[in-house]
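First comes the structure, then the notes that go with it.
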């Protein structure tokens with residue numbers, strides 16, 4: 001008879017927890033963004049959007065993050081057979097991996 005129950009590692013629990021974390025982060029960042037931009041005039045808002053649109057590093061980061069999120073979402077949906085929060089958790093993991101890939105493969109500055 002075993003006195004200690006063997007630990008099982010269930011990836012679905014982790015993906016679901018990451019999905020909840022992702023929802024919380026999106027809610028918080030949306031709220032904080034709305035508060036920040038409510039104090040900026042229209043010219044400042046347009047200037048910020050213009051600078052972000054033409055920033056090559058930001059565009060590269062966004063591209064890597066979007067591709068990573070799509071791959072993570074698909075992997076969680078297909079491989080782990082997750083839907084809803086589990087798939088969202090997979091997208092969160094994919095986003096982090098995508099940004100890490102961006103940082104690791106960043107070209108040298110001239």
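The values are calculated or read from the model by the stated rules, or taken from the named source; none is laboratory data. The shown structure was predicted, so the numbers you read here are calculated from the model rather than taken from an experiment. Note that we place each Cβ from the backbone using ideal geometry, even for glycine, and neighbour counts take in every protein chain shown.
A few notes on this one:
- Residue check, residue 24 surrounded by 14 or more Cβ atoms within 10 Å (Cβ to Cβ) and assigned to a helix (DSSP H, G or I): no
- Across the range 78-110, the number of residues qualifying as surrounded by 14 or more Cβ atoms within 10 Å (Cβ to Cβ) and closer than 17 Å to residue 23 by Cβ comes to 13.
- The range 66-77: number of residues that are surrounded by 19 or more Cβ atoms within 10 Å (Cβ to Cβ) and free of Cβ contacts under 8 Å to residues at least 40 places away in the same chain: 4
- The single residue among 16, 9 that is at pLDDT below 90, exposed (fewer than 12 other Cβ atoms within 10 Å of the Cβ) and under 22 Å from residue 94 (Cβ atoms) turns out to be 9.
- Qualifying residue in the range 41-49 (condition: touching a helix residue (DSSP H, G or I) at 6+ places or on another chain (Cβ under 7 Å) and surrounded by 10 or more Cβ atoms within 10 Å (Cβ to Cβ)): yes
- Total residues in the range 88-110 satisfying the condition of being free of Cβ contacts under 8 Å to residues at least 12 places away in the same chain and assigned to a helix (DSSP H, G or I): the figure is 3.
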